[in-house]
1. Do any strands (runs of 3 or more DSSP E) entirely within the stretch 20-99 hold 1 or more residues that are more than 30 Å from Ala122 (Cβ to Cβ) and without any contact (Cβ under 8 Å) to a residue 60 or more places away in the chain, and if so, which?
2. Of the residues that sit in the stretch 96-151 and are under 29 Å from Lys76 (Cα atoms) and among the β-branched types (Val, Ile, Thr), which one is surrounded by the most Cβ atoms within 10 Å (Cβ to Cβ)?
3. With respect to Thr199, determine if the residue is touching a residue at least 24 places away in the same chain (Cβ under 8 Å), farther than 16 Å from Ala100 by Cβ, hydroxyl-bearing (Ser, Thr, Tyr) and touching an Asp or Glu at 6+ places or on another chain (Cβ under 7 Å).
4. Farther than 24 Å from Ile36 by Cα and not hydrophobic (A, V, I, L, M, F, W, C) - does that describe any residue in the stretch 159-175?
5. Got a sec? Which of Asp178, Asp166 is surrounded by fewer than 17 Cβ atoms within 10 Å (Cβ to Cβ) and modelled with pLDDT under 95?
6. Out of curiosity, is Lys116 free of Cβ contacts under 8 Å to residues at least 12 places away in the same chain and either in contact with a strand residue (DSSP E or B) (Cβ under 8 Å, 6 or more places away or on another chain) or within 29 Å of Pro139 (Cα to Cα) (or both)?
7. Before we move on, is Arg13 farther than 30 Å from Lys206 by Cβ and at pLDDT below 90?
8. Kindly provide the set of residues from the stretch 1-19 that are among the charged types (D, E, K, R) and either in contact with a helix residue (DSSP H, G or I) (Cβ under 9 Å, 6 or more places away or on another chain) or not in a loop (DSSP other than H, G, I, E, B) (or both), ordered by number.
Amino acid sequence: MYELKSVTKRYTRGKDTVHALAGVDLTIADGDRLVIQGPTGGGKSTLLQMLGALDKPTEGEVVLDGVDLAKLSEAKLTKVRSENIGFVFQSFNLIPTLTAQENVETALVPLGVKTKDRRERAAAALESVGLGERLGHLPGEMSGGQQQRVAIARALVKNPKVLLADEPTGNLDESMRDEIMDVLERMWKELGLTFIMVTHDSAIAKKAPRLATIRKGKITVKENAAS
């Protein structure tokens with residue numbers, strides 16, 4: 001479970017101080033599905049970075065399963081990310097010279113998984129997202145939707161507790177958006193993940209069980225009756 005307590009993040013830009021997060025309090029239960037919306041510059045990506053152990057707050061606590069991430073060393077934060085958190089981004093972030101299977105395997109290398117096990121787990125992860133016949137294909141040989149499926153498989157192959165998605169459908173058309181959301185929602189249910197997603201897409205936000213809106217570093221959360 002996540003518990004954020006009075007989380008503040010300030011950046012200095014020249015002579016100005018930017019308050020990206022301004023005293024955020026937020027609780028996210030295990031297995032929750034939370035969508036985060038808000039205007040550009042409102043603090044969405046900064047909040048996701050805090051949840052993903054990619055950055056530390058200026059003030060406050062970011063507690064995951066009883067551990068305050070704000071107090072961990074960089075080495076320990078890297079370990080948390082490698083073992084517990086899967087990331088999916090808008091731009092896919094695949095290595096163009098590696099096959100789909102090899103791209104997925106890269107998530108297991110830091111965990112010390114042996115080559116044979118890496119290959120088997122990567123193949124199974126790709127099968128789970130409907131790409132069992134694309135193991136040997138390079139990213140350039142696949143559509144945008146297929147590349148995002150590879151990215152999802154890479155995020156999930158290490159069996160994380162948390163899946164963080166930053167605009168995962170932002171580069172896709174409407175039909176492909178729906179396909180990717182179907183995959184993400186199915187994985188959330190089947191694997192019992194805590195799933196947190198940033199999106200500008202109101203159609204996606206309306207279907208989420210919980211919706212967080214962040215503006216000028218302040219957050220409000222509501223239960224979504226339409227979900």
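The values are calculated or read from the model by the stated rules, or taken from the named source; none is laboratory data. Being a predicted model, the structure only gives us computed values, none of them experimental. Every residue, glycine as well, gets a Cβ built from its backbone with ideal geometry; the counts of neighbours run over all protein chains shown.
1. Values: elements: 33-37, 59-64, 85-89.
Once the strands (runs of 3 or more DSSP E) in the stretch 20-99 are filtered for at least 1 residues that are more than 30 Å from Ala122 (Cβ to Cβ) and without any contact (Cβ under 8 Å) to a residue 60 or more places away in the chain, what remains is 59-64.
2. Within the stretch 96-151, the match that is surrounded by the most Cβ atoms within 10 Å (Cβ to Cβ) is Val104.
3. Numbers: touching a residue at least 24 places away in the same chain (Cβ under 8 Å): yes; farther than 16 Å from Ala100 by Cβ: yes; hydroxyl-bearing (Ser, Thr, Tyr): yes; touching an Asp or Glu at 6+ places or on another chain (Cβ under 7 Å): yes.
Yes; evaluated as a whole, the condition is true for this residue.
4. Taking every residue of the stretch 159-175 in turn, none turns out to be farther than 24 Å from Ile36 by Cα and not hydrophobic (A, V, I, L, M, F, W, C).
5. Asp178
6. The answer is yes for Lys116.
7. Yes: the conditions hold for Arg13.
8. Matches in the stretch 1-19: Glu3, Lys5, Lys9, Arg10, Arg13, Asp16.
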